[in-house]
Every structure is written in structure tokens, then in C-alpha cells.
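First the structure, in the form of C-alpha cells, and then the observations on it.
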Amino acid sequence: MTSETSAAVAAAQAGDEAEFGRLAQRYRPELQAHCYRMLGSVDESQDLVQETYLRAWRYRTSYQGRSTFRAWLYRIATNVCLDALSRHAPARQQAIGEAAAPAVAVPWLRPYPDRALEMLKSGELEPDAAAVSRETLELAFIAALQYLPARQRAALVLRDVLDWSAKDTASALETTVASANSALQRARATLKTQLPRQRGEWARTTELSATDRDLLHRYMDALERADTQAVAALLAADARVSHQGGAGGNLSPEPVWYQGRDTIMAAWAPILEVADAPDMRLLATSANRQPAVASYIRTGDDPLFQAFALTVLRIEDGYVQEVTTFGTDCFAAFDLPMTSP
């Protein structure tokens, strides 16, 4: 801890609210990502970070400098999340069951806007790379976490995402090292059954490659032109498409998913090829460190394109491997307009 930071912490502990706010706010984006992993909800993650700051301010004199100020905030945020999970975990567990399923099968899960993480680049402090790594923010990983019991989830996030030691994890969870390690092992075993493939095989990168960005724009162009052959050429043979139900009013009331290029194109062809198909306009964005597309459609004499859905893509080996679609209730979090000229 630098002397400037030490002085700032001392001032905050003494009751300097402005100094406390300056110290705490620099960590807001990565703390929100942490709460999002734990809860799977963008809106809840924002509320829980605010609760974290309220608790931290209330108990500011308890910070003794034995860990970094950042680690102290993470410990508080983790316990805020555990408290929130204890309030609604049983109902949520009943809602998703135990079987592995696409991200859309988790009713409360919504995509996370990457613009929130971009705030880290302009802050005074570079985030720990583990806190914002691409693989631990991907939709499939976040969805898989929701199947874990709360304390197992916390143990896995602290150990495998933030790279905390067993001792620090046990301290944050107010348990023994043996108990924390046991929770971690059980969580890892469950996670392997939920992820589309083993986490260790996922590329550790925080940026989309130029190849991925090119593929995204070719995919958007093919859809806007309703070119079914071009769309099919971009899909992996075993690609999966899923739509979240009951979101934004544009999708089916229940989540649906289907797999295989031929099956997907058979479902999409009638929509893309009919003579009176609505015009489509697509806008590139990014979510969960993955390429994403906001879609707008225009029908009849409507002068404007109306918001239709937000789609997150998983690209692997030069093909679109997964297409996950959410309703328009996601648009506000991404600062996306509801109409387009």
C-alpha cells in the first residue's frame, strides 16, 4: 500500500466520506462483475455493490490493513451476495432444476454489458486480470455457476476466478480451510457437468480477435440480406440456438433451444425467405466478453425499425457455435435505443 493510499484509507476510516467514496468507486466495475457471477443478474449486481459500499462505510473501522482495501471490499461483497442468495436460492433452484441446459434456461440470467467493464480502463487502478477474464464472464460459465449451492459458488469464484488462497477464501467465508477446500472440490465437479466443455480448454483472453470481429460482421451482413446460404456457411455443424422466454415480449413465453446447422436453418428459412419478411437492421455490440448483436425490424409502413432482440454469440474455430437470444428488456443496460431510423 502506498503512503498516499495509506493516508487515504486512514482519512476514510476517520470519517472522510469523500475519500472513502474515491477509494471505493475505483473498484465498482469489477465488484459488479463479481456480484453478477454470484447472482447472474445485472440489476441485482448493481444493487448489491451499493449494499457492499453501505456495509463497508458502516464498518470502515474494522479494516485493519491486514489485506488490501480491494480484498476487504471483495470479502464484504461476497457476504452481501451470500445473504441475497439465502433469501431466494430455494425458489431459484426449483426454477432451474439440476440438468445441464443453455443459459436461457436460467430465467433471471441476462447478458452483461461490456461497456461496464470498459470503465476499468479509465480508472486510476488497473483491474486484476482474473477479475475480468473473458472465460469467467461468458454466458455459459455464468449460467453454470447458478446451479451451484451458494457457498460452493462463492468458494469457486474466490479460488478459481480471483485466484485467492485457500486460507483467504476460508477467512472470507468464515469457515475452516478444510471446509472451504471441500466446497471448492464439489463445485468443480458440478461445474464440469454444466459447462459445454471443460473450463480448462477455454481460451484465456479478454479481447475479441480480429477474426472474431470479422465473422461477426459477416454474420450480420448475411442476416440483413436474408442470405440463408451465407448464414449457414458461418454456423458450426453442431451449432446451438436458444431463445429466452418471457423477455421483452418479442420471444416465446418459454425458453426454447435446438441444435445442428440443418435444424437451425430449417427453422430460420421460412422467416428469412418469405416475400413479406420484415426488414432487419443489426447493430454490433458486446456482452459477457463475447460478440453480440442488437436486432431491429421494420414492418409495413412503419418509418422506424423497432427493437426486437439482443443476441450473444459464442465463436469457436472460425464458426458461430452458439446463438443465445434475449428480449428487449436488456436494451437499457446496454444503452441501446428502442427504435432505429
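The values are calculated or read from the model by the stated rules, or taken from the named source; none is laboratory data. What you see is a predicted model; the values in this text were computed from it and never measured. Please note: Cβ atoms are built from the backbone with ideal geometry, for glycine as well, and neighbour counts cover all protein chains shown.
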- Looking only at segment 315-335, which residues are over 17 Å from the mean Cα position of the chain (by Cα) and charged (D, E, K, R)? E316, D317
- Query: Among the residues of segment 82-101 satisfying the criterion of being of a type outside the set (A, V, I, L, M) and modelled with pLDDT of 90 or more, which is surrounded by the fewest Cβ atoms within 10 Å (Cβ to Cβ)?
  - Reply: R87
- Matching residues, segment 171-190, being under 23 Å from F141 (Cα atoms) and among the small types (G, A, S): A172, A180, S182, A183, A187, A189
- Candidate set: segment 136-184, residues that are under 30 Å from T325 (Cα atoms) and in a loop (DSSP other than H, G, I, E, B); chosen: the one farthest from the chain's Cα centre (by Cα): P149
- Item | Segments classed as strands (runs of 3 or more DSSP E), wholly inside segment 217-298, with at least 3 members that are touching a residue at least 40 places away in the same chain (Cβ under 8 Å) | 235-243, 279-287, 290-298
- Has segment 303-314 got at least one residue that is on the phi > 0 side of the Ramachandran plot, over 22 Å from the mean Cα position of the chain (by Cα) and outside any strand (DSSP E or B)? no
- Query: What number of residues within segment 160-185 are modelled with pLDDT under 95 and surrounded by 16 or more Cβ atoms within 10 Å (Cβ to Cβ)?
  - Reply: 3
- Task: Considering every residue within segment 298-306, establish whether at least one is hydroxyl-bearing (S, T, Y) and crowded, with 17+ Cβ neighbours inside 10 Å.
- Result: no
- Message: When you scan segment 58-74, do you find a residue that is within 20 Å of the chain's Cα centre (by Cα), in a helix (DSSP H, G or I) and under 24 Å from T5 (Cβ atoms), even just one?
- Response: yes
- Item | Odd one out for L31 among (1) farther than 16 Å from R110 by Cβ; (2) surrounded by fewer than 21 Cβ atoms within 10 Å (Cβ to Cβ); (3) not small (G, A, S) | (2)
